[in-house]
């Protein structure tokens, strides 16, 4: 573990930046992604990106769309998961969140949406997997769930060696409760019990991971991710095996242990 004066440390190759608040976290994580985009475009004619949809990403996305130096016309966008069972006009759909906070605000080259309200769910998984595999995914912008999930890969269904890139999963109750805690649903019974998700191999296939994890309810998941056993009991722990992962957290999600480590 390496620590420096910028309130950052390195754990098993994961660069961890601890911000004093969510706004600073959003700015630092957006600056990282902006830098990556420009670097990639020096060598390629487009950047392929996957985005998470959750309140944890609010500050990051807000800062990212403000960056006028990004050439969005060269970016192809995907999102990483979607509920099954919601009406196509439901505001709780992750595609709706990303439309409000990102897709409608800048001019992407192309945006690929998961159509989970289709009657052909498994065909939709195959269609989306084909799109993802057309070319290398460059950047994944993601969060971590309260139970350590990444995308909708909860501990009971997470598979580090999954042969699929996209699949249907049953949602863990702790994951569903998080959606209530986040204010996305009024009560647990309203949260869908199934979803389409990109698998862990799909996420880790990207050249770069940008991970944004604010909030006190995520402190345990952050600690398990960085210092626990690399196991599907905390699916996010696998990021420690990735060749280029940067995690941005705030004081609340850092918890007392990490606060002491970086001297906040």
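The values are calculated or read from the model by the stated rules, or taken from the named source; none is laboratory data. On a predicted model such as this, the values are computed, not experimentally measured, just so you know. For neighbour counting, all protein chains shown are included, and Cβ atoms are generated from backbone atoms with ideal geometry for every residue, glycine included.
Observations on the model:
- Per-region count, segment 201-218, residues surrounded by fewer than 22 Cβ atoms within 10 Å (Cβ to Cβ) and in a helix (DSSP H, G or I): 4
- Comparison of 165, 185, 160 shows that the only residue that is under 15 Å from residue 236 (Cα atoms), touching a residue at least 12 places away in the same chain (Cβ under 8 Å) and crowded, with 16+ Cβ neighbours inside 10 Å is 160.
- Boolean, residue 8 is touching a strand residue (DSSP E or B) at 6+ places or on another chain (Cβ under 8 Å), closer than 24 Å to residue 252 by Cα and surrounded by fewer than 21 Cβ atoms within 10 Å (Cβ to Cβ): yes
- Qualifying position, being in contact with a helix residue (DSSP H, G or I) (Cβ under 9 Å, 6 or more places away or on another chain), part of a strand (DSSP E or B) and surrounded by fewer than 20 Cβ atoms within 10 Å (Cβ to Cβ), among 111, 106: 111
Yes or no, residue by residue, for (1) surrounded by fewer than 16 Cβ atoms within 10 Å (Cβ to Cβ); (2) in contact with a strand residue (DSSP E or B) (Cβ under 7 Å, 6 or more places away or on another chain); (3) at pLDDT 95 or above; (4) outside any helix (DSSP H, G or I):
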residue	(1), (2), (3), (4)
222	no, yes, yes, no
229	yes, no, yes, yes
232	no, no, yes, yes
238	no, no, yes, no
247	no, yes, yes, yes
256	yes, no, no, no
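- Residues that are within 20 Å of the chain's Cα centre (by Cα) and in a loop (DSSP other than H, G, I, E, B), drawn from segment 71-96: 80, 91, 92, 93
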